[in-house]
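Peer 1: First the structure, then my questions, so here it is.
The values are calculated or read from the model by the stated rules, or taken from the named source; none is laboratory data. Bear in mind that the values here come from a model prediction, so they are computed numbers and not experimental data. Note that each Cβ is placed from the backbone with ideal geometry, even for glycine, and that neighbours are counted across all protein chains shown.
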Amino acid sequence: MKADIDNAVAETRTVLEQIHALAPNATISLMGYPLLFSRTQACSTLVMPPSVSS
């Protein structure tokens with residue numbers, strides 16, 4: 001898994017360098033994927049707000 005992540009980082013850097021070469025004044029925004037589940041709490045203990053649980 002680590003190799004896949006390292007590869008993705010390298011590929012992202014390459015893409016950003018290519019964008020910069022073609023459009024040096026472009027503004028680039030990178031966004032991460034949202035965290036869908038708690039890393040410290042078991043899913044079975046999460047409580048949904050009333051408006052979502054119906």
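Peer 1: Tell me which residues, restricted to the range 14-40, are modelled with pLDDT under 90 and surrounded by 10 or more Cβ atoms within 10 Å (Cβ to Cβ).
Peer 2: Of everything in the range 14-40, just one residue is modelled with pLDDT under 90 and surrounded by 10 or more Cβ atoms within 10 Å (Cβ to Cβ), namely SER38.
Peer 1: What are the pairs with Cβ atoms under 7 angstrom where one residue, in the range 1-18, is under 14 Å from LEU30 (Cβ atoms) and the other, located anywhere, is outside any helix (DSSP H, G or I)? Sequence gap at least six, or different chains.
Peer 2: Qualifying pairs under 7 Å: LEU16/ILE28.
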